[in-house]
Amino acid sequence: MTFISKQNQEPNMSQPEEIHCKKVAVVVLGYNSVEFLKKFLPTILKTKYEDYTPVYVDNGSSDESVAYVTENFPEVEIFRIYVNNGFANGYQESLPYIKAEYYVLINSDVAVTENWLGTLVEEIEKDQKVGVCQPKILHEPKPEMFDYAGASGGFIDAFCYTFCRGRIFHHIEADKKQYEDVCEIFWASGACMLIRSELFHKLGGLDEEFYAHMEEIDLCWRVKNAGYKILVVPQSVVYHVGGSVITYGSFSKLYYNYRNNLIMMVKNLSVLKMILLVPARIMLDQLAALRAIFLGNFTELRAIIAGDFKFIIGLNKWLKARKLSRKHIVEPNLKGWYKKSLVIDVFIKKKTKFNQLK
């Protein structure tokens, strides 16, 4: 095991060492995750594909996570960060020191199956234009159901609402093998995704301004704008707990979702679409606020108001980020973009399953 420390977070710390991995670095990011590590890290170490190195990035934990991995899994490399500045920051701080051809970004609350990794690597190596792959992600507490964060591949609608094969808004389907084909998608889940390391760094990696939520979708959008493909490979299966750091339905999660979606639009849309769609999306947010009042969901109401307000007052910052984001545009790949309105389909036409969409 190599013990790595984040520079300048502890007195007298030197420059972090590099971790030289095999072809794939499976990078588990965790925060106070000792119980998840006990349960799920052994599943990663049983992976049949052999050309990989497991790396645990500890993102400022105050529990026994580092000690547990050190004592029980000497084959796992460790990169320690002493201050938690969010999900995106955890990877941005660690990945420059982790040397591999491919990265797997995977949460500590994910269990994998024995053949999950080789299947992803095989698919990404068929075509140099495939930049990212994700497995089928099922919900660990109810493994017969798709997981909220990724399901069988991520998509985006005409107003940039994100959804999945197997999950539209809060309507989550049971996995009945209805979405088993390998296909192009618009975004892959940050719970578990395989990405070319060179591409990750070329595009600037994850945007730390997002802190948490949708930072992987923003990255995937930049991957698509650079002309690459993103695939879901349902023959690779993992199980995700979800909501382990920021709870589903909490103010923080809702706030980041509303704010970050608007930031993502400014960064990645064409000029014309940005001018048309960002105001339209803010108007739809206000309709969502009215719905929250009607339903008595004042947590969501506060999150919408705070998220949109923070977006508006920070607009100049997001426009500057847009200039950097659009540096690598080649021929944008729009596969996975649903050209209709999900709001109309779900709330008016009552379509709640992916295979009901055209």
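Kindly provide the helix-only [θ] at 222 nm of the chain, computed as the sum of -39,500 (n - 2.57) over DSSP H runs of four or more divided by all residues, to the nearest 500 deg cm²/dmol?
Working: 10 runs with 124 residues, N = 358.
The per-residue figure over the chain is -11000 deg cm²/dmol.
Based on other C-beta atoms within 10 Å, arrange Thr299, Thr53 from fewest to most. Mind showing how you got there, number by number?
Working: Thr299 15, Thr53 19.
Fewest-to-most Cβ neighbours within 10 Å comes out as Thr299, Thr53.
Order these by the 10 Å Cβ neighbour count, fewest first: His240, His139, His201. Numbers along the way, then the final one.
On the way: His240 27, His139 21, His201 12.
Sorted ascending by nearby Cβ count, the order is His201, His139, His240.
Pick out, in residue order, every one of the trypsin sites (Lys or Arg not before Pro) in segment 29-65 that is DSSP loop and has at most 16 other C-beta atoms within 10 Å; say none if there are none. Intermediate values should be presented prior to the final figure.
Numbers: sites: Lys38, Lys39, Lys46, Lys48; in loops: Lys46, Lys48.
Sites meeting the loop and neighbour criteria: Lys46, Lys48.
Relative contact order (percent) for the chain, with alpha-carbon contacts under 8 angstrom and 6 or more residues of separation? Let's see the in-between values first.
Numbers: 725 pairs, mean separation 63.9, N = 358.
Reported as a whole number, the value is 18 percent.
Residue-wise, which Karplus ³J(HN,Hα) couplings in Hz belong to segment 327-342, taking 6.51 cos²θ - 1.76 cosθ + 1.60, θ = phi - 60°, and x for glycine or proline?
My calculation for segment 327-342 gives 5, 9, 5, 10, 10, x, 9, 9, 5, x, 9, 7, 7, 9, 8, 5 Hz in order.
Using Cα pairs closer than 8 Å and at least 6 residues apart in sequence, work out the relative contact order for segment 4-159, in percent. List each step's numbers first, then the result.
Working: 255 pairs, mean separation 42.5, N = 156.
Result for segment 4-159 is 27 percent.
Just to check I understand the Karplus step: with θ = phi - 60° and J = 6.51 cos²θ - 1.76 cosθ + 1.60, what whole-Hz values come out for segment 105-112, glycine and proline as x?
8, 9, 6, 6, 9, 10, 9, 10
Which helices pass in the chain if a helix is a full DSSP H run, must span at least 18 angstrom along its long axis by Cα, and must have mean Kyte-Doolittle hydropathy not below 0.5?
Numbers: long enough: 251-268 (25 Å, -0.45); 271-295 (36 Å, 1.63); 298-313 (22 Å, 1.08).
Passing helices, by number: 271-295, 298-313.
Placing +1 at every Lys and Arg Cβ and -1 at every Asp and Glu Cβ, with all other atoms neutral, what dipole size does segment 160-268 have around its Cα centre, in debye to the nearest 20? Walk me through the intermediate numbers first.
On the way: 12 positive and 12 negative charges, 30 e Å.
That gives segment 160-268 a dipole magnitude of about 140 debye.
Using the 10 angstrom Cβ neighbour count as an exposure proxy, how do Cys183, Cys21 rank, fewest first? Mind dumping the intermediate values first?
Values: Cys183 16, Cys21 22.
Neighbour counts put them in this order, fewest first: Cys183, Cys21.
Given Lys46/Lys177; Lys126/Lys317; Lys177/Lys323; Lys46/Lys176, which pairs have Cα atoms separated by over 30 Å?
On the way: Lys46/Lys177 25 Å; Lys126/Lys317 39 Å; Lys177/Lys323 42 Å; Lys46/Lys176 26 Å.
Lys126/Lys317; Lys177/Lys323, as the Cα separations exceed 30 Å there.
In percent, what relative contact order does segment 22-100 have, based on Cα pairs under 8 Å that are 6 or more apart in sequence? Don't jump to the answer; show the numbers that get you there.
Values: 112 pairs, mean separation 28.6, N = 79.
Relative contact order here is 36 percent.
Taking only Cα atoms and a 10 Å spring cutoff, compute GNM fluctuations for the chain and point out the largest among Ala292, Ala25, Ala100.
In the Gaussian network model the winner is Ala292.
Convert 37 °C to kelvin, take the viscosity as 0.692 mPa s, use the Kirkwood radius over C-alpha pairs of the chain as Rh, and evaluate the Stokes-Einstein diffusion coefficient in µm²/s, rounded to a whole number. Show your work: numbers first, answer last.
Details: Rh = 20.7 Å.
Estimated via Stokes-Einstein, D reaches 158 µm²/s.
Need the C-alpha centroid separation for segment 192-208 versus segment 319-358, integer Å.
A separation of 21 Å, based on Cα centres.
All of the numbers you see were taken from the coordinates with simple rules; none came from a lab. Predicted, not measured: the structure shown is a model, and the values here were computed from it. Note: ideal-geometry Cβ built from the backbone for every residue, glycine included; neighbour counts use all protein chains shown.
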